[in-house]
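Since the structure comes first, as structure tokens, the remarks are kept for the end.
Derivation of every value follows stated rules applied to the coordinates shown; laboratory data play no part. This structure is a prediction, so every number in the text was calculated from the model and none was measured. Positions of Cβ are generated from backbone atoms using ideal geometry, with glycine treated the same way; all protein chains shown enter the neighbour counts.
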Amino acid sequence: MAIGEYKPGLEGVPATQSNISYVDGKAGLLEYRGIRIEDLCEHSNFLETSYLLIFGELPKHQELEKFEHSINHRRRIKYRIRDMLKCFPDDAHPMDVIQACVCALGMFYPLRDLRDIEYIYGATIRLIAKIPTIIAAFHMMRQGNDPVPPRDDLSYAANFLYMLNEIEPDPLAAQIFDVCLTLHAEHTVNASTFCALVTASTLNDPYVVLAAAVGTLGGPLHGGANEKVMLMLEEIGSVKNVKSYLEAKISKKEKVPGFGHRIYKVKDPRATILQKLVDQLFEQSGHDPYYDIALELERQAMDVFAEKGIFANVDFYSGLVYKKLNIPVDLFTPVFAIARVPGWLAHWKEQMADNRLFRPTQVYTGLHDVEYTPISDR
Ligand code: CMC
């Protein structure tokens with residue numbers, strides 16, 4: 001690439017050096033710190049994986065115990081955050097709620113020193129611990145109910161599902177949800193992570209860094225696609241409508257949510273793992289007709305899209321899992337945000353370790369030496 005050549009969307013332009021995760025979009029490979037995502041989903045869990053991402057290696061027994069204990073005991077939120085939640089409209093999008101609350105959280109723990117290890121550890125723990133509580137509390141309040149306090153004795157995944165419904169989830173549901181979180185925890189320099197890096201590079205505090213990332217994740221081309229997929233399956237309504245729906249989308253040149261990826265030119269490995277989870281979940285707790293629609297849509301979409309390198313991405317099957325776990329559709333993207341916190345934090349730490357302010361250049365396409373026209377002459 002010639003110096004100064006403009007690449008829309010910075011496609012193929014390295015924005016940083018990183019050893020956190022790796023994607024091979026042709027082979028369909030995803031690794032966190034060199035470990036394949038399939039192995040982490042099978043053998044690890046979300047908090048252990050979070051430690052791996054943030055601190056660079058798998059924790060020893062005592063390190064994991066301390067990390068889990070710190071998170072489990074910081075799940076509660078301050079009453080002022082709860083008061084703030086009460087003031088939001090019931091129909092506010094929960095992604096906007098998270099963004100506002102994460103910023104507010106930072107006000108209670110003002111920036112001391114970005115080299116202060118204790119401050120960094122505290123912020124890391126709080127951000128992982130409290131975002132699920134914020135989302136669940138808002139969900140309860142918008143239905144006119146008191147928030148369900150977190151339970152320290154439940155795992156990270158089980159506790160979130162518990163706070164949403166006040167029912168302890170069965171172990172398979174909690175385990176499957178934990179795998180979903182692990183799957184979404186990190187994914188190289190995507191839009192929200194890039195946004196986190198840019199904000200981090202200004203030396204603002206980690207709460208603001210994460211709030212910026214949350215705002216970027218919410219868009220329908222990024223994390224917001226999982227919500228759009230579920231709405232699309234509901235709109236299609238029946239397997240027999242798949243063909244006409246797809247034809248209409250193609251003829252209107254509209255994107256089909258849940259398909260395509262800037263990096264993957266084969267099926268997203270996370271979609272393959274999620275599909276197995278859907279099978280497992282439905283085997284235990286009954287089939288969902290939307291799954292048949294999704295399968296048929298993927299089959300027909302492949303006839304048209306495969307030759308262009310467009311395949312199902314992570315967002316295509318995640319919604320079906322979340323729906324079965326009783327998670328409302330507008331919380332699908334917030335769940336993505338909960339999961340991505342360790343990835344954002346890992347990149348924030350990496351940026352802090354070797355920071356240089358992001359300040360790209362531009363290709364100016366405007367005019368020069370334009371004469372000022374007085375308002376009376378315009
Ligand atoms: N449906 C139909 N056509 C598509 C799709 C799609 N989902 N995705 C890409 N294309 C076509 C696009 O129309 C274009 O065709 P042509 O060359 O004929 O004009 C070509 O593929 C390239 O598309 P692009 O938008 O320039 O490619 P990109 O690298 O910017 O796309 C993407 C990446 C994720 C923005 C895009 O695939 C998309 O909008 N997908 C739907 C939204 C979605 O599922 N997003 C979640 C992405 S994975 C999770 C995450 O990152 O958060």
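List of remarks:
- With 0.36 nm allotted per residue and the present C-alpha distance subtracted, the Tyr372-Asn204 stretch has 56.7 nm of extension available.
- Cross-link pairs Lys26/Lys349; Lys7/Lys243; Lys240/Lys265; Lys243/Lys265; Lys78/Lys324; Lys308/Lys349 - those with Cα-Cα distance over 26 Å: Lys26/Lys349; Lys7/Lys243; Lys240/Lys265; Lys78/Lys324; Lys308/Lys349
- Simple Cβ-charge dipole of the stretch 225-324, Lys/Arg +1 and Asp/Glu -1, about Cα centre, in debye nearest 20: 400 debye
- Dipole orientation for the chain: of the candidates Tyr79, Cys103, Asn313, Cys103 has the Cα lying most toward the positive pole (charges on Cβ; Lys, Arg +1; Asp, Glu -1).
- Helix-only CD estimate at 222 nm, as mean residue ellipticity for the chain, using -39500 (n - 2.57) per DSSP H run (n ≥ 4): -18000 deg cm²/dmol
- In the stretch 1-107, a dipole from Cβ-located charges (positive for Lys and Arg, negative for Asp and Glu) runs towards its positive end, and of Ala92, Tyr51, Cys41 it is Ala92 whose Cα lies farthest in that direction.
- Longest DSSP-loop-exposure-free segment, GluC sites (Glu not before Pro), the chain, at most 16 other Cβ within 10 Å: 255-370
- Judged by the gyration tensor of its Cα atoms, with axes a ≥ b ≥ c, the stretch 225-324 is oblate; a/c meets the 1.5 cut and b/c is at least as large as a/b.
- Relative contact order for the chain: 23 percent, from Cα pairs under 8 Å spaced at least 6 residues apart, divided by residue count.
- Taking a ≥ b ≥ c as the square roots of the Cα gyration tensor eigenvalues, the chain comes out rounded, since a/c falls below 1.5.
- Furthest towards positive pole of dipole, Leu246, Leu281, Ile293, structure part the stretch 225-324, Cβ charges: Leu246
- Cα-centred dipole magnitude for the chain, charges only on beta-carbon of K, R (+1) and D, E (-1), debye, nearest 20: 520 debye
- Anisotropy class of the stretch 114-248 from Cα gyration tensor, a/c 1.5 cut: oblate
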